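Q: Got a structure for you, questions after.
The values are calculated or read from the model by the stated rules, or taken from the named source; none is laboratory data. All figures in this text were calculated on a predicted structure; none of them were measured in a lab. Note: ideal-geometry Cβ built from the backbone for every residue, glycine included; neighbour counts use all protein chains shown. In case anyone asks, the SASA skips ligands and DNA or RNA and just uses the protein heavy atoms, side chains included. Shrake-Rupley method; radii C 1.70, N 1.55, O 1.52, S 1.80 Å.
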Amino acid sequence: MKKTITTKLSAIAFSLLVLVASSCKKDGVSSSNNKPLKTESLGKYDNGFFLINEGWYGHGTGSVSFYSFATSTKQDSIFTKENPGKTLDPATSTLEYGTIYNNKLFLISKVGGPVVVTDPYSLKELGRIAAVGSNNWQAFVGIDATKGLLSSASGIYPFNLTTYTTGTKLTSVTGSVGDMIKSGNYIFVLSQSKGVVVLNVADYSVAKTISGMVVAFTKTPDGSVWAAGGTSLIKINPATLAVTTVTLPFTANSTWFAWHPGSITASTQNNTVYIANNGTFSGATTIYRYIDGNAASLTSPFITIPAGKELYGSGIGYVPQTNQLAVTTVKSGFGTNYGVNDLYFYDLNGTQVGDLSYSGYYFPAIPVFH
């Protein structure tokens with residue numbers, strides 16, 4: 001009898017040990033190095049995030065880099081390495097936007113460049129819209145498994161995710177359109193002339209327009225969509241489209257003179273928004289944090305980056321695997337200063353916890369996370 005009880009207890013103890021061990025490995029973050037714990041690989045590029053780089057206009061195309069959590073290092077030009085014979089030409093284009101949707105990585109080029117769709121774990125090309133001089137693509141948003149939208153300097157086009165072809169340009173929004181995001185039954189787009197234009201998913205008709213907004217978009221876990229313009233940070237309810245306005249202690253400037261994705265991001269854990277204080281023609285040296293409902297959280301900068309550096313491109317992204325902020329910078333100034341790069345990491349106390357310095361004319365546009 002004693003032997004039987006001991007055997008059962010041992011079996012229970014072993015089962016609990018396996019359960020705890022598997023739970024720790026599945027979703028955890030290592031306490032020793034704050035790196036995500038991995039159980040199985042989905043591919044070469046699953047354990048880290050991408051840096052989408054504009055490239056040096058006129059001297060070479062944009063490129064895709066990959067930051068590895070395992071090694072804390074960066075691999076460069078991974079798209080061309082994984083796709084021999086394929087490029088992001090022409091050299092006069094700039095790779096300005098990237099996002100992962102429905103297990104596909106979308107790479108969007110301005111100034112006559114292509115739109116390229118890849119597998120986000122292998123970077124193998126799945127399809128593309130060929131480069132054409134008249135193209136000026138700016139961003140992508142997914143609608144469902146077969147449909148998406150591409151914004152451009154001349155409006156918005158439906159994008160078939162099966163054939164990788166575009167349809168007839170929408171008539172509901174005209175002129176240059178940049179960032180786009182979907183929440184609930186609406187698509188939120190940033191228009192140079194109108195501000196935030198909210199479209200109905202069903203037919204792309206206009207549901208609401210919010211003027212004066214120039215920086216967009218991010219989405220908090222409650223589904224709220226955020227944008228900014230002037231001294232206003234706005235929160236848009238994804239069900240009612242009601243707008244809540246918070247006063248910023250700085251002016252949120254546009255980037256329409258040389259469009260890049262908005263310098264705004266949000267936590268994936270709680271309703272907290274981070275926004276950079278960009279100048280009119282230069283990147284930010286400070287980043288502010290707004291905790292939804294807490295006006296005092298905007299009183300002073302949350303992050304001040306090291307002296308002599310400034311954000312480039314979008315400049316900030318929330319790393320969901322580590323709950324940190326990734327910040328891309330160049331040396332302040334012009335010319336050769338653009339070849340001096342730092343990828344900084346900040347924890348949720350605003351403390352710098354990492355710095356990867358590297359040289360080269362990358363001109364980082366936006367970080368992209370799995």
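Q: Out of curiosity, is residue 4 farther than 20 Å from residue 312 by Cβ and modelled with pLDDT of 90 or more?
A: No, not satisfied.
Q: Quick one: count up the residues across the stretch 46-81 that are under 15 Å from residue 98 (Cα atoms), open to solvent by less than 30 Å² (accessible area, probe 1.4 Å) and either outside any strand (DSSP E or B) or among the polar types (S, T, N, Q) (or both).
A: 8
This table checks each residue for (1) farther than 26 Å from residue 341 by Cα; (2) charged (D, E, K, R); (3) more than 21 Å from the chain's Cα centre (by Cα).
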position	(1), (2), (3)
93	no, no, no
103	yes, no, no
106	no, no, no
160	yes, no, yes
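Q: A further question follows. Enumerate the strands (runs of 3 or more DSSP E) found wholly within the stretch 328-370, keeping only those where 3 or more residues are surrounded by fewer than 15 Cβ atoms within 10 Å (Cβ to Cβ) and in contact with a strand residue (DSSP E or B) (Cβ under 9 Å, 6 or more places away or on another chain).
A: 352-359
Q: Let me ask another. Tally time: how many residues in the stretch 243-270 are open to solvent by less than 50 Å² (accessible area, probe 1.4 Å) and in a loop (DSSP other than H, G, I, E, B)?
A: Of the residues in the stretch 243-270, 9 are open to solvent by less than 50 Å² (accessible area, probe 1.4 Å) and in a loop (DSSP other than H, G, I, E, B).
Q: Scan the stretch 246-260 and report the pairs whose first residue is within 23 Å of residue 300 (Cα to Cα) and whose second residue is of a type in the set (A, V, I, L, M) and loosely packed, with under 14 Cβ neighbours inside 10 Å, with Cβ atoms within less than 9 Å and a gap of 6+ or a chain change.
A: 246/295; 247/295
Q: Here is a follow-up. Could you tell me which of the residues 167, 195, 184 is surrounded by fewer than 23 Cβ atoms within 10 Å (Cβ to Cβ), touching a Pro at 6+ places or on another chain (Cβ under 9 Å), closer than 16 Å to residue 241 by Cβ and not polar (S, T, N, Q)?
A: That would be 184, the only listed residue that is surrounded by fewer than 23 Cβ atoms within 10 Å (Cβ to Cβ), touching a Pro at 6+ places or on another chain (Cβ under 9 Å), closer than 16 Å to residue 241 by Cβ and not polar (S, T, N, Q).
Q: Then there is this: Which residue, of 109, 15, 30, is at pLDDT below 95 and in contact with a Leu (Cβ under 6 Å, 6 or more places away or on another chain)?
A: Within the list 109, 15, 30, the selection yields 30.
Q: Filter the stretch 203-217 for residues that are out of contact with any Asp or Glu (no Cβ under 9 Å at 6 or more places or on another chain) and in a strand (DSSP E or B); which is least open to solvent (accessible area, probe 1.4 Å)?
A: The extreme case among them is 210.
Q: Determine the pairs where a residue that is on the phi > 0 side of the Ramachandran plot, located within the stretch 350-366, has a partner that is open to solvent by 30 Å² or more (accessible area, probe 1.4 Å) and not polar (S, T, N, Q) with Cβ atoms under 6 Å apart, the partner being 6 or more residues away or on another chain.
A: Close Cβ pairs (under 6 Å, with a partner that is open to solvent by 30 Å² or more (accessible area, probe 1.4 Å) and not polar (S, T, N, Q)) amount to 350/302.
Q: Of the residues 282, 300, 232, which is modelled with pLDDT of 95 or more, surrounded by fewer than 20 Cβ atoms within 10 Å (Cβ to Cβ) and not in a strand (DSSP E or B)?
A: Going through 282, 300, 232 in turn, just one is modelled with pLDDT of 95 or more, surrounded by fewer than 20 Cβ atoms within 10 Å (Cβ to Cβ) and not in a strand (DSSP E or B): 300.
Q: Right, something else. Taking the condition of being closer than 14 Å to residue 295 by Cα and either out of contact with any strand residue (DSSP E or B) (no Cβ under 8 Å at 6 or more places or on another chain) or β-branched (Val, Ile, Thr) (or both), how many residues in the stretch 230-257 meet it?
A: Matching residues across the stretch 230-257 total 6.
Q: Just for the stretch 122-144: of the residues that are under 20 Å from the mean Cα position of the chain (by Cα) and not in a strand (DSSP E or B), which one is nearest to residue 86 (Cα to Cα)?
A: In this case the residue turns out to be 123.
Q: Answer with yes or no whether residue 224 is out of contact with any helix residue (DSSP H, G or I) (no Cβ under 9 Å at 6 or more places or on another chain), surrounded by 15 or more Cβ atoms within 10 Å (Cβ to Cβ) and in contact (Cβ under 8 Å) with a residue 60 or more places away in the chain.
A: For residue 224, the condition - out of contact with any helix residue (DSSP H, G or I) (no Cβ under 9 Å at 6 or more places or on another chain), surrounded by 15 or more Cβ atoms within 10 Å (Cβ to Cβ) and in contact (Cβ under 8 Å) with a residue 60 or more places away in the chain - is met.
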